[in-house]
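The values are calculated or read from the model by the stated rules, or taken from the named source; none is laboratory data. This structure is a prediction, so every number in the text was calculated from the model and none was measured. Here the Cβ positions follow ideal geometry from the backbone for every residue, glycine too, while neighbour counts run over all protein chains shown.
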Amino acid sequence: MAATIRDVAKRAKVSIATVSRVIHKSPLVTEETRQKVLDVISDLDYTPNPIAQRLSLGRTLTIGVVLPFLTLPSFVERLRGIQNALSDSGYDLILYSVEMPQKVDGYLNKLSRRDRVDGVIIVSLQPSDAHIQRFQQSNIPAVLLDAAHSKLSRVNVDDVAGGYHATSHLIELGHRSIGFLSDYLDNPFNFVAMRKRFQGYRQALASAGLPFLPEYQRQGELGGREAFQKAKELLSLSQAPTAIFAASDTHAIGVLKAAHELGIQVPEQLSVIGYDGIRDSEYLNLTTVAQPLFESGVESANLLLTTLIEPPATPIELILPTELILRGTTAPLS
């Protein structure tokens, strides 16, 4: 019998997802692991050509991607990664952009029909148990990106650790009055990333023996304009924070604009750190916690393609690392 992707994974002592990454030339595989997998592929005379043949048996040859707020940079980067990974797969991509929470149920119900798609990637939206049951009954593989459910394979970053590292960086610079700015933690879309970053912020304060001050936390509607207004509130306090951890780069940009309007010098009088690592952060010389947005899109698509070929016995979870990128908006407390 011809070798399968499972045979390669077993011989190389890696996961099926890792073999899939090697096949699809993912940048998230170390050179040592890549070479080990390639050697096993050669030894077993395994070829990914049958993958294309088996994929062509799909009923629609389409992959559905459902995500909110398509215009936000972080979602655009994830979508670029998904498109890149699917470009040579033989599958077309159908995009469903959800702008209102009440539309989530309708889109997920539509995508749980075999005549619509062969597989689904759900980005930053939390499917209910009822949604999962419909996908399973329809035998449609689904992968989560920036979301979690124990019954589905998923790709995430450790947002608690990311929030912890962002806040710890400010503490190491000598800041003790540190604000936190984010979307609503309890939001209609049920995003969990902001809550996890806030959790990391609280943990870093506690580890340093610093109290959490509710007046230093601000949350509001998603978007730069709202972040600008909330940042002005923080910076207008009688004892304003000397540093702000913005839970996204979009929020951080709002903070920078507020500081500029109020005549507050960054980083001399105020340190600002963002989260995501979008392209604008580099242009603005913004210190940020970068998450692998593009790569996470690639990984979610590769994981779905692997599942379409050989469904895993149990759901696979990939946790990707974040990286603290030091630039010009943070400095030691003067």
### Query
Tally time: how many residues in the stretch 161-209 are at pLDDT 95 or above, in a loop (DSSP other than H, G, I, E, B) and more than 17 Å from L326 (Cα to Cα)?
4
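Here's the yes/no breakdown for (1) over 17 Å from the mean Cα position of the chain (by Cα); (2) surrounded by 15 or more Cβ atoms within 10 Å (Cβ to Cβ):
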| position | (1), (2) |
| --- | --- |
| T71 | no, no |
| L86 | yes, yes |
| G106 | yes, no |
| L111 | yes, yes |
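Specify which of the listed residues (V98, V143, V104) is touching a residue at least 24 places away in the same chain (Cβ under 8 Å) and within 18 Å of T307 (Cβ to Cβ).
Result: V143 is the single residue among V98, V143, V104 that is touching a residue at least 24 places away in the same chain (Cβ under 8 Å) and within 18 Å of T307 (Cβ to Cβ).
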## Note on the structure
G209 vs (1) under 30 Å from T60 (Cβ atoms); (2) without any contact (Cβ under 8 Å) to a residue 12 or more places away in the chain: all pass except (1)
### Query
Is it true that L108 is in contact with a Pro (Cβ under 9 Å, 6 or more places away or on another chain) and part of a helix (DSSP H, G or I)?
yes
### Query
Restricting the stretch 19-42 to residues that are in contact with a helix residue (DSSP H, G or I) (Cβ under 8 Å, 6 or more places away or on another chain) and not in a helix (DSSP H, G or I), which is surrounded by the fewest Cβ atoms within 10 Å (Cβ to Cβ)?
P27
#### Entry: Residue ID - nearest to the chain's Cα centre (by Cα), chosen from residues in the stretch 88-104 that are exposed (fewer than 15 other Cβ atoms within 10 Å of the Cβ) and part of a loop (DSSP other than H, G, I, E, B)
E99
